[in-house]
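Just so you know, all these numbers are worked out from the coordinates, no wet-lab data involved. A quick note: this is a predicted structure, and the numbers were derived from the prediction, not measured. Positions of Cβ are generated from backbone atoms using ideal geometry, with glycine treated the same way; all protein chains shown enter the neighbour counts.
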Amino acid sequence: MSIIQSSKKLLNDTIIKEISDAVGSLEYGEVNIKVHNNKIIQIEMTQRRRFDDVWKLEEGGGI
């Protein structure tokens, strides 16, 4: 394997790990992957926190 192929594999493995970590860290949310010229250039995470079970409005709870 050439140095270029080796670095591409290392970069691909790193990107795959970043995506996996992003997905694994979310309970609710989104992971968006931006691609430019057939290359992943950015990974964005949007995390959501849900409070449905904590605040029962019908029982007088809430803010």
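Taking a sphere under 14 Å around the Cβ of residue 34 and counting the other residues whose Cβ falls inside, with K and R at +1 and D and E at -1, yields a net charge of -2.
The coefficient of translational diffusion for region 3-48, derived via Stokes-Einstein from the alpha carbon Kirkwood radius under 37 °C and 0.692 mPa s, stands at 283 µm²/s.
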